[in-house]
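Quick notes on the structure that follows.
The values are calculated or read from the model by the stated rules, or taken from the named source; none is laboratory data. Every value quoted in this text rests on a predicted model; they were computed, and no experiment measured them. In this analysis, Cβ positions are derived from the backbone assuming ideal geometry, glycine residues included, and neighbour counts consider all displayed protein chains.
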Amino acid sequence: MPIYDYECENCGRFEKMQKISEESINECPQCGGVVHRLISKNVGIVFKGGGFYKTDSENRKKDRARAVNQERQKDNQALLDKDVKGYVKQAESTTEKVQEASS
Ligand SMILES: [Zn+2]
């Protein structure tokens with residue numbers, strides 16, 4: 001069950017555990033004052049620590065390596081087609097991508 005943050009105009013902030021289907025409260029259980037629901041930080045996915053970023057950058061490296069591999073395959077295909085102009089153009093773009101990937 002998610003915990004929602006509320007703020008009472010009299011008592012300040014408090015938390016309340018509620019079902020998602022439950023309506024948000026608008027009356028303070030302490031003093032009966034007006035309460036506002038705050039955007040909860042407890043709902044949704046929370047990324048803790050640096051692990052997420054590390055994995056993310058590793059994934060990006062893998063993606064780029066994969067993209068470079070695909071480019072290499074295109075190089076080879078261009079050679080097989082004896083398309084020298086195409087090969088040179090393709091190889092140049094691959095070199096650029098390799099440089100990007102390693103920077
Ligand atoms: Zn209150």
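Considering only segment 40-88, state which residues are in a helix (DSSP H, G or I), among the aliphatic types (A, V, I, L, M) and either out of contact with any Gly (no Cβ under 7 Å at 6 or more places or on another chain) or at pLDDT 75 or above (or both). Result: Ala65, Ala67, Val68, Leu79, Leu80, Val84, Val88. Residues that are away from the ligand (no atom under 13 Å from the Cβ) and not polar (S, T, N, Q) within segment 16-33 comprise Met17, Lys19, Ile20, Glu22, Glu23, listed in sequence order.
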